[in-house]
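**Student:** Encoded as structure tokens, here's the structure I'll be asking about.
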Amino acid sequence: HASLPLVINTWPFGDATAAAWSSLQAGGSVLDAVEKGCARCEADQCDGSVGYGGSPDETGETTLDAMIMNGDTMEVGAVADLRRIKNAIGVARAVMEHTYHTLLVGESASVFAENMGFIAEDLTTNKSRSIYSQWLKGNCQPNYRKNVFPDPSKYCGPYKPRATRKPGRRARRTNIHSHDTIGMIAIDEDGHVAAGTSTNGARHKVPGRVGDSPIAGAGAYADSSAGAAAATGNGDIMMRFLPSYLAVELMRARADPSAACKTAISRIKRHYPEFFGALICANATGHYGAACNKVPGFSQFHYMVSDSKSNIPLLKSVDCF
Ligand code: SD4
């Protein structure tokens, strides 16, 4: 099915695919396409998991992680724990293009962004306020600390909320629908490859928590001599395995993209059979595939593709294994 150019991204975020595709059609570079595509999701607050107003942390604040990678030069720009700036992928690109650095974090990343002309604004919305207050009231999922109390499933942050969960009813460990990062790959007709991600991370995270998305090789990886991959899911687990890097190296060694994705997911499954996550993979000739770990409530993973055969974004799916 190879037909370049190609845009592929995680989840059914078709407007992001279309934005990236039209950027390529207008003569933009693959980096422009990835930036435009991810920025579209940031503005649209795709699934509440990208951009402002989602995934409030333990203090109620939304913070953003993003990265972009140039597969020709192997340059990376990334931001993590970015505060008060909506366009995280834009700031990531500014890190890549206007500094010698790779990753800026937290308050300092926000100051950098402001100095680069990005507008500082509150990332909190009524929705994120309500997610946060529900959580405080005790309708909370256990947060990302472990072994804090004898029964960590009852622990809902530093606020000692009233426990309203019925005794014996176990909370879900991961809310699958709070994990919908956009990861995107773009490849043009000349074989230039770029990849990027943008996310607001994980709900009720401990402030300062950084996921896989802004980490090269974890959230995404691109090398024009092999291909690219991008991840979505439980970043706290996935970032320990550099699945995007592994998948790209497997494609370099001639693995087919679906098989490369699958092997990278398998590597994580060995240690964490119940982790929630998926990977998209494309090789430099434009063949692509995806894989996901099958867990209750997640048996199929949806992603979007635009290539020269289909000017409109196509919804694709893969059965998890
Ligand atoms: C994270 N990987 O911060 C991100 C969340 C995510 O699909 O992918 N959602 O852990």
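**Student:** Restricting to the range 296-321, count the residues that are part of a strand (DSSP E or B) and surrounded by fewer than 16 Cβ atoms within 10 Å (Cβ to Cβ). Before the answer, list the steps.
**Tutor:** Of the range 296-321, the ones part of a strand (DSSP E or B) are 298, 300-307, 310-319.
Subsequent filtering for residues that are surrounded by fewer than 16 Cβ atoms within 10 Å (Cβ to Cβ) retains 300, 302, 310-312, 314-315, 317, 319.
Summing the residues that are part of a strand (DSSP E or B) and surrounded by fewer than 16 Cβ atoms within 10 Å (Cβ to Cβ) in the range 296-321 gives 9.
**Student:** With Ala66, Ala16, Ala39, Ala33 as the choices, which residue is buried (at least 24 other Cβ atoms within 10 Å of the Cβ), in contact (Cβ under 8 Å) with a residue 12 or more places away in the chain, hydrophobic (A, V, I, L, M, F, W, C) and not in a helix (DSSP H, G or I)? Talk me through it step by step, then tell me what you get.
**Tutor:** Details: Ala16 fails: not in a helix (DSSP H, G or I); Ala39 fails: not in a helix (DSSP H, G or I); Ala33 fails: not in a helix (DSSP H, G or I).
So the residue among Ala66, Ala16, Ala39, Ala33 that is buried (at least 24 other Cβ atoms within 10 Å of the Cβ), in contact (Cβ under 8 Å) with a residue 12 or more places away in the chain, hydrophobic (A, V, I, L, M, F, W, C) and not in a helix (DSSP H, G or I) is Ala66.
**Student:** With respect to Thr10, is the statement that it is polar (S, T, N, Q), buried (at least 24 other Cβ atoms within 10 Å of the Cβ) and more than 15 Å from the ligand (Cβ to nearest atom) true? Quick ask: steps written out before the conclusion?
**Tutor:** Working: polar (S, T, N, Q): yes; buried (at least 24 other Cβ atoms within 10 Å of the Cβ): yes; more than 15 Å from the ligand (Cβ to nearest atom): no.
Spelling it out, it is not the case that Thr10 is polar (S, T, N, Q), buried (at least 24 other Cβ atoms within 10 Å of the Cβ) and more than 15 Å from the ligand (Cβ to nearest atom).
**Student:** Please enumerate the residues belonging to the range 127-148 that are hydrophobic (A, V, I, L, M, F, W, C) and at pLDDT 65 or above.
**Tutor:** Within the range 127-148, Ile131, Trp135, Leu136 qualify.
**Student:** What number of residues in the range 209-232 are at pLDDT 95 or above, within 13 Å of the ligand (Cβ to nearest atom) and either charged (D, E, K, R) or on the phi > 0 side of the Ramachandran plot (or both)? Walk me through it before giving the result.
**Tutor:** Initial filter on the range 209-232 (at pLDDT 95 or above): 210-232.
Still in the running and within 13 Å of the ligand (Cβ to nearest atom): 210-215, 218-220, 230-232.
Among the residues that remain, those that are also either charged (D, E, K, R) or on the phi > 0 side of the Ramachandran plot (or both) are: 212.
Within the range 209-232, residues that are at pLDDT 95 or above, within 13 Å of the ligand (Cβ to nearest atom) and either charged (D, E, K, R) or on the phi > 0 side of the Ramachandran plot (or both) number 1.
**Student:** Taking the condition assigned to a loop (DSSP other than H, G, I, E, B) and among the β-branched types (Val, Ile, Thr), does Val248 pass?
**Tutor:** Values: assigned to a loop (DSSP other than H, G, I, E, B): no; among the β-branched types (Val, Ile, Thr): yes.
For Val248, the condition - assigned to a loop (DSSP other than H, G, I, E, B) and among the β-branched types (Val, Ile, Thr) - is not met.
**Student:** So, one more: For the range 194-208, name all the residues that are of a type in the set (Gly, Ala, Ser), more than 9 Å from the ligand (Cβ to nearest atom) and not in a strand (DSSP E or B).
**Tutor:** At the first step, the residues of the range 194-208 found to be of a type in the set (Gly, Ala, Ser) are 194-196, 198, 201-202, 208.
Now drop any that are not more than 9 Å from the ligand (Cβ to nearest atom), which leaves 194-196, 198, 208.
If the condition is that a residue be of a type in the set (Gly, Ala, Ser), more than 9 Å from the ligand (Cβ to nearest atom) and not in a strand (DSSP E or B), then Gly208 is the only one that fits.
**Student:** Counting only residues that are without any contact (Cβ under 8 Å) to a residue 60 or more places away in the chain, farther than 20 Å from Ile237 by Cβ and in a strand (DSSP E or B), how many does the range 251-295 have?
**Tutor:** Adding up the residues that qualify gives 2.
The values are calculated or read from the model by the stated rules, or taken from the named source; none is laboratory data. Because the structure is a prediction, the values reported are computed rather than measured. Don't worry about glycine lacking a Cβ; one is built from the backbone with ideal geometry, like all the others, and counts go over all protein chains shown.
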